[in-house]
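Below you'll find the structure, written out as structure tokens, and then a few comments.
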Amino acid sequence: MAATAAAAAVRPSLPITPPRRERSAACCSLAPATSAPSTRLPPSSVTISVPLQRWRCTAVTHPRSRRLHGPRCSQAEVASSTVDDDEACELVRGTDVVIGQGDDESVRAYLLEAVKNNNGTCVLFLSDVFGFEDSATRDFAYRIACHGYNVLVPDLFRGNPWKKSLPMDGFQAWLAEQAPERVAGDIDTCRKWLVDDFLAAAPSKKLGVVGFCYGGGRLVETLARDADAACFSAGVCFYGSRMDASLGAQIAAPVLFVCGDGDPLCPVETVRELERSARGAKAAVYAGRGHGFAHRPESLEDDGDAEEAFAMMKSWLHDHLL
């Protein structure tokens, strides 16, 4: 079991400066492999809306493709005689769920459960503006689940995420439709279900939270609200947008802040202020990286930094949740 006292011995913030080259487009997505019925009965507050899916995850490396770096979930198991049994992560079971009761109070979400290597902990995953069904979001959530975590990805936008096809001059109007009180209430509904129902039968009662971009800003607010209840044991914030640095002193859980110094949506000054004021916080600032590099890499250099950031997140969750 990793010592929880590690939060008190946080190293200074870490500037990371690997060599850079020109950018090129890259993206990734996943699809379920085969369907299998689940023997796990859902809590009474959750409605299962589709059959459970299973993914086989394998560890593969390739010098030029992010999709094959580290544990990945793919449409079919990758056949390779060079992959050892201990390199292959276990099956991940995923399903759409509805948490809460009533149209106004219920929250759609996607739940991924590690099957054989389940470590009994949970991670609440707060997405960027493209929502919980976006392929890059699900890709990253699957990777976390491959390492033994149960991951819940809620629909923060009630079926109305921002779409890449929309003109940017409409973004502020769309954002204004996402009432902060409603979003906070949905996050708290999911947190309460994870703590009261899902983790009730788990050997570990620990809960972490990971947030990207829009979700990173909501992560800061969520942990500030959680200070007294102390439901969350760790957080990882990737380039949070619209973060309120004044909330840092209210955050009790140790938080890893990951960002690039070329990101106008996540000013380094805000990250540094949160690092100073939030107890047990640490910042990893990547030189030359912009917004979204960890889950939407646009170059081979982004790709390398994305893999490193994922490994850093994995270590942080392990140290504080296991």
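Could you please report the charge total around F171, scoring K, R as +1 and D, E as -1 over all other residues with beta-carbon less than 15 angstrom from its beta-carbon?
0
Taking only the alpha-carbon positions of the range 92-321 and ignoring solvent, what does the Debye formula give for the base-10 log of I(q)/I(0) at q = 0.07, 0.09 Å⁻¹?
With one equal scatterer per Cα and no solvent, log10 I(q)/I(0) is -0.19, -0.33.
Using only the alpha-carbon atoms, what does the range 237-282 span along each of its principal axes? Please give whole angstrom values in decreasing order.
28, 17, 13
If the only charges are +1 at each Lys and Arg Cβ and -1 at each Asp and Glu Cβ, what is the size of the charge dipole of the range 92-321 around the Cα centre, to the nearest 20 debye?
With only Lys, Arg, Asp and Glu charged at Cβ, the dipole is about 560 debye.
Roughly how many nanometres apart are two label points built 7 Å out from the Cα toward the Cβ at D188 and L322?
Those two pseudo-labels are separated by 3.3 nm.
Could you point to the residue in L126, A311, L265 farthest towards the positive end of the range 92-321's charge dipole, with +1 and -1 charges on the Cβ of Lys/Arg and Asp/Glu respectively?
Farthest towards the positive end: A311.
Could you sort M313, M243, M168 by their accessible area in this structure, using a 1.4 Å probe and putting the largest first?
M168, M243, M313
The values are calculated or read from the model by the stated rules, or taken from the named source; none is laboratory data. A quick note: this is a predicted structure, and the numbers were derived from the prediction, not measured. Backbone-built Cβ (ideal geometry, glycine too); neighbour counts: all protein chains shown. To get the accessible areas, we keep the full protein, side chains included, count just its heavy atoms, and leave off ligands, DNA and RNA. Shrake-Rupley method; radii C 1.70, N 1.55, O 1.52, S 1.80 Å.
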